[in-house]
1. With an 8 Å cut-off on Cα pairs and a minimum separation of 6 or more residues, tell me the relative contact order of chain B in percent.
2. What net charge do the residues around B:Gly111 carry, taking every other residue with its C-beta under 15 Å from that of B:Gly111, with Lys and Arg at +1 and Asp and Glu at -1?
3. Between the helical axis of B:370-396 and the dominant principal axis of chain B, each derived from Cα atoms, what acute angle in degrees is found, rounded to the nearest 10?
4. Could you point to the residue in B:Ala115, B:Ser138, B:Thr104 farthest towards the positive end of the range B:59-267's charge dipole, with +1 and -1 charges on the Cβ of Lys/Arg and Asp/Glu respectively?
5. About the Cα centre, and with charges only on the beta carbon of Lys, Arg (+1) and Asp, Glu (-1), how big is the dipole of the range B:59-267? Nearest 20 debye, please.
6. What does the C-alpha gyration tensor say about the overall shape of the protein assembly as shown? Classify as rounded when a/c is under 1.5, otherwise prolate if a/b is larger than b/c, or oblate.
7. Summing both sides, how much accessible area is buried between A and B? Use a 1.4 Å probe and give Å² to the nearest 100.
8. Please enumerate, by chain and number, the lysines with C-alpha under 17 Å from the C-alpha of A:Lys246, excluding those fewer than 8 residues away in the same chain.
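The values are calculated or read from the model by the stated rules, or taken from the named source; none is laboratory data. None of these values were measured; they are calculated from a predicted model. Please note: Cβ atoms are built from the backbone with ideal geometry, for glycine as well, and neighbour counts cover all protein chains shown. Protein only, heavy atoms only, side chains kept; ligands, DNA and RNA dropped before computing areas. Shrake-Rupley method; radii C 1.70, N 1.55, O 1.52, S 1.80 Å.
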Amino acid sequence: MQAIQEITKANPSIAGSIEIPQTRAVIQLDNIHKTYTMGDVQVHALRGATLGIRAGEFVAIMGASGSGKSTTMNIIGCLDRPTKGTYILDGQDVSELSKDERADIRSHKIGFVFQGFNLLARTSALENVELPMLYAGVSGAQRHERAMQSLAAVGLAGREQNHPNQLSGGQQQRVAVARALVNDPALILADEPTGNLDSRTSVEVMEIFQRLNRERGITLVLVTHEPDIAQYAGRIVVFKDGKIRKDYPVKDQRDAAEELKNLPAIEADEEDD
Amino acid sequence: MDLLNIIRVAFRALQRNKMRAALTMLGIIIGVSAVVAMVSIGQGAQATVQAQIDSIGTNLLFVSAGAQNVGGVRSGTGDSGTNTLTVEDLDAIKREVPSVSMVTPAVNARGQLVAGNMNWNTSIQGVSEQYPEVRKWSVQSGEFFTDSDVRTAARVLVVGQTIADNLFAGADPIGQTIRVQNLPFRVVGVMVRKGQDAQGRDQDDVAFTPYTTAQKKILGSPRLQIAYVSAVSPDATYTAQQQITELLRQRHKLNSNDPDDFTVRNMSDIAEAANQTNSTMTMLLACIAGVSLLVGGIGIMNIMLVSVTERTREIGIRMAIGARSSAVRSQFLIESIVLSVTGGLFGILLGVASSLAIPKLLGWPTLISMMAIVGSVIFSVMVGIFFGYYPARKAAALDPIDALRYE
C-alpha cells in the first residue's frame, strides 16, 4: 500500500491509467443512469457512467453545469440513488439502499466538504466537528478527544471554542474538513471546496487535502469547475452530457505545500479576524 | 443516536435562539399558570364552603314555610304570604320526632339598633335559647339568653362582633342598652367572630333576640319563616327529614295528593348544591384557562414550522453527515416538548406564586391543587407532542440534497 503510493507519487502518470490489482476500488460505478421526472419531462442527468476510484486516489471531477457531475457527486455521496446501474462503495453495493441505510453509510464511510462550508451557526468549531460522531453513536469522551485531534490535524488547535462567525473563510473550511475526517471515512467528498475562497486560502485548503491524501492515504473526490484547482489532484474525470468524456492522470500535479512557501505570508492578518 | 444525545442536540438548538424560545414558552407559561391559578381559586372557594358546612354540622335540617315550588310557581321560602309554619308545629316536632334533638325557630327582621348616639341597621333574628347549640356558634362574652327569656319575651339582645364594634367601639357591650323601635333592649352577650361566608357576606352583622320577643315586640306577627332542626346524629338526618315531613303533613291536614306547604332540606343537599355550583365555576375557569394553553400550543407549532423552514440547510447538513430521518424528527419533536415542558414548569411556578398572592391581594381564598399541577404538566407534554409532531415530520421528510441547496 505504502509502496504503491510512493510509486504513484513519484510518477503520477501511473495513477488512474494502469490497473493496480493490489489496491481495491473504494468506488465502483457501473453503467450508472439517473433520470429525473420533472412534470411530464424526463431529464437524463446521467446516461451510463462507469468509474472506478481506488483507495488512496485523489480524483477531481470536472464538467460544466448540467454535465452530470453534481448528480454523480450526489450518487457517490449516497445522497441519491441511481435509476439504473450499480454502485459499490468500499465493497458494499449501495445502489438499492433505503434512506436510513444511506444515512448510516454517510455517517460511517463518507466525509463531506461543501462550497458554503455548511457549519452550524452559533455552534463552536469543536461541537461542529463532534456532530457526525453524535449520529454515529460515539461515546462522549471519545467524541471530544477525536474532535480535538481532527481540529489539530487541520491546524486549528486553539480555535476549538470559536464559532463560525469568529473564523475566516479558510478556517471555516478547515473546520468542515476536520468534521469530514472525524469518523475516519473511506472517502472524503469535496464539492467546490474552494468556490467561496480567495486564491491563497484555496491553496491552503488544497494543501490540507494533499497532505491528508499523502500522509494518511485518504481517498479524495473533488468536484470543481476550476481547472487550476483540479491540477492539485492526481487524476481528472471530465463529465459531459451525462457521460464521462475524459479520464486522465494529471501531468505536472501542483504541490500546494511548495506553492505556499513561495507565497507572501499573510496568515497573521487572517488570524486577527 | 440515543435519546440523551438527541435531547442534548435539541437543547443546543434552542439555546442558539434564546429569545425566540422564551417568547414561544410564554404562551405555555401563561396558559399553565392560568389553569393552576384558576383551579386554585375554584378549589379555595369550594374548601371554604365545605369548611362552613362542616362547621354548621351535617346533622342540621332546615324547615321553612311555604313550598319551594307550588303548581309551577316558585314561592320563595319564608315568603311573607305564607303562614304555614307555627310555633306549635315546632313543639310537635321536638316532642314527637325521636330522631330530632333540638329545634330553634328563626324569625327574620331588619331593624335599626340605636345605642347612645350611634345607630346601626342590621338583621335581627328571633331564635330560641338552643340556637348556639344547633348552629354550633357560641358566645364569646356574656351569655346567650335562656328559656325563661323566651317564655317571657324578654327584651334581651345577643349581638355579633360587627355590631359590637360599630355601636360600642371597643367598650364592653354587656349590660348596655340598645333601642329597637324605641324599645330598650339589654345586651347580654356577644357572639364569637365568624367572618365572611362563601358569598362574602359578613356573618357577624346580626343580633339575636328570643323569637317570642321578635314576634310580639318587633314584628307584631306570630309568623315563622324558618326553623333549624338538629338530628340526633348525621346518620339520622334523612330519617328525621322523612318523619318531619310526615308529621307536618298530618298536622296541616294535607291530602295524599296535595303538595307540601313547607320545605324540609338537609345540609348535605345544600352542601351538594353549593359544591356543584363551585365545581361548575372551577371547570369553567379551568376551561377558559385551558383555551389559553391551547393557543400557547399553536404558538409552539407556528414557531416550530418557521424554525423548520429557516433551518432547512441545517437539516440538510445533519442528514448529509449521517443523521437518519428519525434522528431529525426526534430532535424537532424534543425541541417542541422541551419548549412546552419548560414553559409548563415556569407556568406552575407562576401559577403557584399567584395562588399564594391572590388571597393577600384580592382576599379570595385559594387552595393549590396538586391535580391541576400534575394535569397541566401532562397537558403541556401532550401539547408539545401534538403541536410538534407535524413540523418534526416535515423536517424529517426533507431531502438532504434539496435541503443543502436551500437558500
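1. Details: 766 pairs, mean separation 121.5, N = 407.
Worked out over chain B, it gives 30 percent.
2. Within the 15 Å Cβ shell, the charges total +4.
3. Its long axis makes an angle of about 30 degrees.
4. B:Ala115
5. My answer is approximately 380 debye.
6. Values: a/c = 5.52, a/b = 3.65, b/c = 1.51.
Note, shape of the protein assembly as shown comes out prolate.
7. Roughly 2400 Å².
8. Of all the lysines, those that pass the test against A:Lys246 - Cα under 17 Å, at least 8 places apart if same chain - are A:Lys69.
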